[in-house]
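Below you'll find the structure, written out as structure tokens, and then a few comments.
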Amino acid sequence: MKKWKKTLAAAMAAALLVGSMTACGGDTKTGEGNDPGTSEKTGKLKLLGPASTNQHIKFEERDKYPVWTEVDKMLDEAGLELEYEFVPAEQYDVVIKTRMASGANLPDIVNISKLDNTTVLNLAKQGVIQDLNPLIEKYSNGNIKKMYDTEFPYARKTTTSPDGKMYWFSNLHKKDYQRKDPAPVSLTMLIRKDWLEKLNLPVPTTAQEYLDTLKKFRDSDANGNGKKDEVLAYDPAYFSGSIAQWFGLGSEITAVDVENKKVVSPWYQDGIKDYFRFMQELVEEGILDTSLIGAKGEQKTQKITENQVASLHDYNLATYNEPLIKGGGEYLPLMPLKAVEGIEPAAQVEPPFLVWQKYAITKDCKDVEAAIKFFDMIYSEKYADLLYWGIEGKTYKKDENGAKVFIDTGTAEEQSKSGLVTGNPLFGDTVFPRVQFANLEFELASVPKHKADNELEILKYKPYFVNMNNNYLAIPDDKQLEAKTKILTNLSTYSAELATKLALGQKSLDDWDQYMAELKKLGLDELIEIDQQLLDRYHSIK
């Protein structure tokens, strides 16, 4: 009890200290009279959020950046005068929990991203934060509705509470290709392209060919160090490694089959036993590096650096692995490989539509009309362009097809000197949400052709599972959340341990019925049922 009291006291002291520091140095958008053509009414708002962690591009120096000059004009046009309270990012978790729990002396708009949904909904029940829907209906100029109902309709589905209300605005991201097609990127198995070429081996097209190729890498000493140490880096404890999807399996204990609007579990899918047989063969052949199961990222990085990793799971467009390899090397992303007759291999993709972070209007907001004006400004195409792309001719240009592509303006340190930055490093994720209209063209232009070709193939590939299942599930109510939390506490541990031991051959597939009985006992069926309810509600929200 004493320890808890000391922690709370320290948190409150930190909150008060930071609050007093920011208030004293509190930079505001000084509205000493509006420029001609601006809104007649000045709406004063206080905003609270975490400070940017960029060491070189600092918000307090924003007046020297052209991109801020444009945002500043938008604030003038909206008739808004803002006061900013920034808390160091490393302290924000404690400070925001303390401030919101106290419910006193709150800002008008607050970044509550550090709070989980349950905490936020409890704050809403207590009246600490406001329901946004009636405010939008009464005061919005239409920008918010356009973004949430037309550009990002999935956002409302994932931020509408079980009581049908909406208590926070979010960061919104959409990526397309040729300005029309959604553009997911994949998480896949990467294989050493340079070793395939060195040994004159074809790109594998089936799971068995993949295994055989990895054996040849090892037996032929592909890395040339005189040792049989060319390995596969893969953790079979979870189904988020894309070899599982070759066998038609979902990407988590429960996974959303987006196309069929159905929640499935890999434990119940047809390819599950064949998947573990394949894992056992990889282990028996000495190909799968068992020392990396459950290992930290730096251990895998060390193996890559030492030129030992023949294959690993990562983004298909990733370019950060190659520079790590001593002596150089290239990774080729594989398309989903056929593993079992009668089962179509699935891809694992990152959705092109993302919703994250939380920004709320508090009960202490004196001018809710001004607060809605602020978010109307945020959810405008002009702001989205400034935040993500910056200024045409300075931080981005358009290619021959009219697609935006970034201009290389150097390192963050160089950008801080030239002022050529986009809005994101300057003010994104602080008190200013991010709205991003990204395009695939820029990413394709910045990666080798073999990676770009893979991405173009994956764009319309089916079937697929996603790596962010919660993107397709509505917010659970208290009863559903309590049940899910209780189930997952033990089920997640059992599932990971069982999958690992099956892959290592430490448990026999002959005892399958026993494992299924234990999974059911731990609540797998109930979890599937709850997630299906959340998926159904997600699709019912308009």
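Below is a table of values for the structure above.
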{"read-out": "Tally of Lys pairs whose C-alpha atoms are under 23 Å apart, taken over segment 462-542, 8 or more apart or cross-chain", "value": "10"}
{"read-out": "Under 20 Å between alpha carbons - lysine pairs in segment 331-412 that sit 8 or more apart or on different chains", "value": "8"}
{"read-out": "Helix-only mean residue ellipticity at 222 nm for the chain, each DSSP H run of n ≥ 4 adding -39500 (n - 2.57), per residue, nearest 500", "value": "-12500 deg cm²/dmol"}
{"read-out": "Alpha carbon centroid spacing (whole Å) that separates segment 147-166 from segment 259-332", "value": "36 Å"}
{"read-out": "Area of residue 214 that stays accessible when all protein chains are in place (1.4 Å probe, Å², to 10)", "value": "0 Å²"}
{"read-out": "Gyration tensor (alpha-carbon) shape descriptor, segment 393-443, a/c threshold 1.5", "value": "oblate"}
{"read-out": "Note, ³J(HN,Hα) from phi for segment 303-318, Karplus 6.51, -1.76, 1.60, rounded to Hz, x at Gly and Pro", "value": "5, 5, 4, 7, 6, 10, 7, 6, 7, 7, 9, 6, 5, 5, 9, 4"}
{"read-out": "For peptides 236-247, 329-340, sequence by mean Cβ density within 10 Å, most packed first", "value": "236-247, 329-340"}
{"read-out": "Partners for residue 227 among lysines (Cα-Cα distance below 23 Å; same-chain residues under 8 apart left out)", "value": "193, 198, 215, 216, 300, 303, 326"}
{"read-out": "Net charge, residue 326 excluded, C-beta distance under 12 Å - Lys, Arg +1, Asp, Glu -1", "value": "-1"}
{"read-out": "Sulfur and carbon atoms: percent of accessible area, the chain [1.4 Å]", "value": "49 percent"}
{"read-out": "Whether segment 35-181 is rounded, prolate or oblate, judged on the alpha carbon gyration tensor where a/c under 1.5 counts as rounded", "value": "rounded"}
{"read-out": "Protection proxy ranking of 446-455, 93-102, 184-193, 107-116 - average other beta-carbon atoms within 10 Å, highest first", "value": "184-193, 107-116, 93-102, 446-455"}
{"read-out": "Per residue accessible area of the chain, 1.4 Å probe, in Å²", "value": "46 Å²"}
{"read-out": "log10 of Debye I(q)/I(0), alpha-carbon scatterers only, for the chain at 0.12 Å⁻¹", "value": "-1.28"}
{"read-out": "Under Karplus coefficients 6.51, -1.76 and 1.60, residue-wise ³J(HN,Hα) of segment 456-467 in Hz, glycine/proline x", "value": "5, 5, 6, 3, 10, 6, 9, x, 8, 10, 9, 8"}
{"read-out": "Three-way shape label, segment 328-433, alpha-carbon gyration tensor, a/c 1.5", "value": "oblate"}
{"read-out": "Per-selection Kirkwood Rh - segment 195-336 (Cα, Å, 1 d.p.)", "value": "16.1 Å"}
{"read-out": "Local electrostatic count at residue 343 - Lys and Arg +1, Asp and Glu -1, tallied over other residues with Cβ under 10 Å", "value": "-3"}
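The values are calculated or read from the model by the stated rules, or taken from the named source; none is laboratory data. For clarity, every value in this text was computed on a predicted model and none was experimentally measured. Here Cβ is always computed from backbone atoms with ideal geometry, including for glycine, and neighbour counts include all displayed protein chains. Note: accessible area is taken over every heavy atom of the protein model, side chains too, but ligands, DNA and RNA are not part of it. Shrake-Rupley method; radii C 1.70, N 1.55, O 1.52, S 1.80 Å.
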